[in-house]
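One structure is given here, and the rest of the page talks about it.
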Amino acid sequence: MKYYSTKNRQQAFSFKEAVMQGLAADGGLFMPEYFPSQTKLVSNISQYSFAELSLEIIKPFIGMEISFNDLHRIINEAISFPALISRLAKNLFVLELHHGPTLAFKDFGARFMAKTMGFFTASENKSLNILVATSGDTGSAVANGFYDTTGINVYILYPSGKVSFIQEQQLTTLDKNITAIEIDGTFDDCQRLVKQAFLDKELNIKMNLSSANSINISRLLPQSFYYFEAYKQLKNMQEEFVFSVPSGNLGNLTAGIFAKRMGLPVKNFIAATNSNDVFTQYLLNGDFLPRKSTQTYSNAMDVGDPSNLVRIDKLYNYELNEMREEIYSFSFNDADTISSMKEVYEKFNYIIDPHGAVGYLAYKSFTGLDNSEKQTGIILETAHPAKFQDVVEKALNIKIDVPQRLAECLTKNKSTIKLSAEYKSLKEFLWSRNY
Ligand SMILES: *Cc1c(COP(=O)(O)O)cnc(C)c1O
């Protein structure tokens, strides 16, 4: 498999180049040249465990670049926890993606990426520096995936005061090769700083830099695995599948479209957004108007300039009408999110997190457009409700249990480097660290 940059179809890159560069030198995002057909896997899917089907799906994307045995090991280490379907109603399900170490779906992509980069770095003698911007969940998933990996240093940039207490504890209490950088600014500032660092030739000569945001193709590919896994658990429903995807940078949605292109029978995707509805507006009126993000309860979706939109545009050849046939999008504010959490709890006795709650409302809006009984709705529950304990407990007026793996980091001491949102300060800091 070869990869190309969204800004230039002519030049081909290997998987290793795409993974280690993260962002292409021309500023484009890497895309696989084609999508291998997995229709055979789909017809025999019950015979595969989650890790086995993941291995089948990933194999053609890697080709000979990682031996089968190494790839097998990487998959087993990365995809080491389940993606579980839970039933809300007759035709409505939740796909729980939060059974990993940091309790959000980003563990799938981040762990695969970390193991893959660790594999490629092991054969070289210079260390690798990962820069990652996070609006909350990315950072902890990435930090956790890379924790204690020899030869890799991780710098996590997050917007000061704009992530939850729990998220901050998850980000800032790891030691060893992980450094948390607290930026006096927004998530978009963090993302801009990271992009600027990658385009900074001088810095790149001094440091071996790579990215770990959802722009990295090795984070995206494994996110298609659980769409297949959901289908496996529901396939005797024999209906049309609709996935509702709580969306921010649109990585999760892009991975779903990848799965469909590989032959997974999906009728529609719904991009559920909060008040940061740039993508919803884009589908509606064709204008892409990035703007500053605003803070909401579903803060991992607080994105004003979704980075994976360029990939989605490519996937549909910039044909907005084709995109509209497959993807619907609806947006909801914080008040809606609270009522949604309440409704899901009262109607189905299920505790949903603020991101999943937006996904639930979007699915409801969608079925309002096409209320066919033949449709199976699957809401991606992207984070564990305990990660948003305050909001969830207040909305539902209950106490929720915090899983052990989360409780552990809550009592540790926070350790961060504080920087302004000016690129100069980030550069100076990284420069001083790179001895
Ligand atoms: C990152 C994240 C999202 C948004 O996913 P994208 O791939 O950026 O669209 C949604 N929910 C949670 C809990 C997240 O961590």
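Every number here is computed from the coordinates shown, using simple stated rules; none is lab data. All figures in this text were calculated on a predicted structure; none of them were measured in a lab. All Cβ positions, even for glycine, are placed from backbone atoms using ideal geometry, and neighbour counts span all protein chains on display.
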Among Gly109, Gly185, Gly359, which one moves the most in a GNM of the chain with springs linking Cα atoms closer than 10 Å? Gly185
Which FRET efficiency value, to the nearest 0.05, do you get for Asn317 and Met237 by plugging their Cβ-Cβ distance into 1/(1 + (r/R0)^6) with R0 = 22 Å? 0.10
Local charge sum around Ala335 (other residues, Cβ-Cβ under 14 Å, Lys/Arg +1, Asp/Glu -1)? -1
Between Ser14 and Leu284, 0.36 nm times their residue separation minus their Cα-Cα distance comes to what? 93.6 nm
Remind me, relative contact order of the chain in percent, using alpha carbon pairs under 8 angstrom and six or more residues apart? 19
Give the relative contact order (percent, whole number) for the stretch 74-176; include only Cα pairs under 8 Å separated by 6+ residues. 24
Can you put Arg219, Arg311, Arg87, Arg192 in order, fewest other beta carbons within 10 Å first? Arg87, Arg192, Arg311, Arg219
So which of Lys115/Lys162; Lys394/Lys427; Lys235/Lys347; Lys2/Lys232 end up more than 31 Å apart, counting from Cα to Cα? Lys394/Lys427
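Subtract the Cα-Cα distance of Lys418 and Gln47 from 0.36 nm times their separation in residues, and report this length gain in nm to one decimal.
Extra length available between Lys418 and Gln47 comes to 128.5 nm.
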Order of Thr337, Thr150 - criterion: other Cβ atoms within 10 Å of each residue's Cβ, fewest first: Thr150, Thr337
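For every other residue with a beta carbon closer than 15 angstrom to the beta carbon of Phe30, add +1 if it is Lys or Arg and -1 if Asp or Glu, then tell me the sum.
Counting the neighbours of Phe30, the net charge comes to +3.
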Taking 0.36 nm per residue of separation and subtracting the Cα-Cα distance, what length does fully extending Glu373 through Ile85 add? 101.7 nm
Take the cross-link list Lys342/Lys387; Lys106/Lys267; Lys387/Lys414; Lys260/Lys364; Lys16/Lys292; Lys16/Lys201 and give me the ones stretching past 26 Å between alpha-carbons. Lys16/Lys292
Under 16 Å by backbone N from the virtual spin label 7 Å along Cα-to-Cβ at Thr150, the residues of the stretch 174-191 are 177
Positive end of the dipole of the chain, charges at C-beta (+1 Lys, Arg; -1 Asp, Glu), about the Cα centre: which of Asn349, Asn236, Ser432 has its Cα farthest in that direction? Ser432
With a cut-off of 12 Å, note down the residues of the stretch 224-259 whose backbone N falls inside the zone around a label point 7 Å from the Cα of Lys40 toward its beta carbon. none
What fraction of the DSSP beta bridges in the chain is antiparallel, stated in percent and rounded to the nearest 5? 25
Given charges at Cβ of Lys, Arg, Asp, Glu: the chain dipole, positive-most of Gly63, Phe35, Tyr316: Gly63
Identify all aspartates and glutamates with a Cα-Cα distance to Lys206 below 15 Å; exclude those on the same chain that are fewer than 8 residues away in sequence. Glu428
Among GluC sites (Glu not before Pro) in the stretch 3-109, those in a DSSP loop whose Cβ has at most 16 other Cβ atoms within 10 Å are Glu33
Provide the FRET efficiency to the nearest 0.05 for the Asp26-Lys206 pair, computing r from the beta carbons and using R0 = 25 Å. 0.75
Residues with beta-carbon under 12 Å from that of Met207, excluding Met207: net charge, scoring Lys, Arg +1 and Asp, Glu -1? +3
Computed over the stretch 246-298: relative contact order in percent, which uses C-alpha pairs under 8 Å that are six or more apart: 29
Set of aspartates and glutamates with alpha-carbon distance to Lys90 below 20 Å, sequence-local pairs under 8 removed: Glu229, Glu239, Glu240, Glu343, Glu346, Asp370, Glu373, Glu381
Residues Leu157, Leu396, Leu430, Leu220 in order from fewest to most other beta-carbon atoms within 10 Å are Leu396, Leu430, Leu220, Leu157
